[in-house]
Amino acid sequence: MSGEVSASTNRTAGRPRDFNPSEVIDLAVGVFWRNGFAGTTTRSLEIAMGVGQSSIYNTFGSKRELLDQVVDRYEERLHADVLASLEVPNPDRTSILTFLEAMTAWVVGDKTRGCLVLNLAAEQDDQTYRVAEYRQSLRRLLGGALASFTDQPSEVEARTELLVAAVFGLNILARSGAGPAELETVSAAVRHQVRSW
C-alpha cells in the first residue's frame, strides 16, 4: 500500500501548495499514533504538520481520508523496518529471530504507544480489517519461515499462531505501559523458544 499523495489529490484549484504532502503525512502519523482518531483534532494536526486547516482538507479530504493515508504510511514503515527480514526468498529460523529483534526495537521505540493499527482497531470498527490483514501477513510470513525447519504442518500452524500472539502481546504490553526492560525480557523468552524448535 502506498502513502504517496498524487497531485490529483488536491481537490480545489488555487495557489500552489507550499508543502510536500508526503512529508506532512509522516508528521500526521505521530499525531494519530499518540492521540488515536477521536483524540486527534484539526488543531493538533495543523500544529504538527505546519499546515492550515483548509490546506489539510483541500489536499487530503476529511480527517478520515487522511487517517487512511497515515495508516498506509505506517504500514510501509512497518514492512521496511520490521517485516523485511521475513520477506526474503528463503526465510528460516534466523529470519524469525531477526524479525523478533526488529519488532522489539520497534515496540520499544514507540514509547508505549503500541501498534497504530491495533490501537485504531480498538477505537474504530472500520479499522478492524487492517488488523485482519496484518494478522494474515504475519501468519503467511512466519509460517513460510517455520516450514523451513519444521516438518509437520500441524506444528507449523501451532507455532505460527504462538508467534502471532506473541507479537500482538508485545504491542499490547507496550500500550499498557510496560517499559523497555520488560518488553525485552518477554521478547528474549520468545526468541529462546524459537531457538529450541
* Mind ranking ASP26, ASP151, ASP72 by accessible surface for me, highest first, 1.4 Å probe? => ASP151, ASP26, ASP72
* Computed magnitude of the charge dipole of the chain (debye, nearest 20; Cβ of K, R +1, Cβ of D, E -1) -> 380 debye
* **Area accessible to solvent at ILE172, 1.4 Å probe radius, in Å²** => 110 Å²
* Asked: Given the convex hull of the Cα atoms of the range 57-143, what is a quarter of its surface area in nm²?
  -> 6.5 nm²
* Asked: So what's the angle, to the nearest 10 degrees on a 0 to 90 scale, between helix 63-81 and the longest Cα principal axis of the chain?
  -> 40 degrees
* **Accessible solvent surface per residue of the chain, calculated while the other protein chains remain in place, 1.4 angstrom probe, Å²** => 49 Å²
* **Calculated log₁₀ intensity ratio I(q)/I(0) where the Debye formula runs over C-alpha points of the range 153-197, q = 0.27, 0.31, 0.33 Å⁻¹** => -0.96, -1.10, -1.16
* Over the heavy atoms of MET103, what accessible area does a 1.4 Å probe trace out, to the nearest 10 Å²? -> 0 Å²
* Structure fact -> Residue separation between GLU46 and SER148 times 0.36 nm, minus their alpha-carbon distance, gives in nm 31.8 nm
* Where q = 0.18, 0.20, 0.27 Å⁻¹, what log10 of I(q)/I(0) comes from the Debye formula for the range 14-61, counting one point per Cα? -> -0.50, -0.61, -1.06
* Computed lengthening from ARG64 to ALA105, 0.36 nm per intervening residue step minus Cα-Cα distance -> 11.8 nm
* Structure fact -> Heavy-atom accessible area of the range 45-197 with neighbours in place, 1.4 angstrom probe: carbon+sulfur share in percent works out to 54 percent
* Could you pull out the chymotrypsin sites (Phe, Trp or Tyr not before Pro) across the range 100-168 that fall in loop regions by DSSP (anything but H, G, I, E, B) with no more than 14 other Cβ atoms inside 10 Å? => PHE149
* **Between helix 21-35 and the chain: long-axis angle, C-alpha atoms, 0 to 90°, nearest 10** => 70 degrees
* Asked: Using 7 Å Cα-to-Cβ label points, what is the GLU182/GLU161 separation (nm, one decimal)?
  -> 2.7 nm
* Nearest 20 debye, what's the magnitude of the dipole of the range 45-113 about its Cα centre given +1 on Lys and Arg Cβ and -1 on Asp and Glu Cβ? -> 220 debye
* To do: Over 20 Å, how big is the tail of the calculated P(r) for the chain, in percent of all Cα pairs?
  => 59 percent
* To do: For HIS192, HIS79, write out the residues from largest to smallest accessible area, computed with a 1.4 angstrom probe and no ligands counted.
  => HIS192, HIS79
* Counting each DSSP H run of 4 or more residues in the chain as -39500 (n - 2.57), what helix-only mean residue ellipticity at 222 nm follows after dividing by all residues, to the nearest 500 deg cm²/dmol? -> -22000 deg cm²/dmol
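The values are calculated or read from the model by the stated rules, or taken from the named source; none is laboratory data. A quick note: this is a predicted structure, and the numbers were derived from the prediction, not measured. So basically every Cβ, Gly included, is an ideal-geometry build from the backbone, and we count neighbours across all protein chains shown. All accessible areas refer to the heavy atoms of the entire protein, side chains included, with ligands and DNA or RNA removed. Shrake-Rupley method; radii C 1.70, N 1.55, O 1.52, S 1.80 Å.
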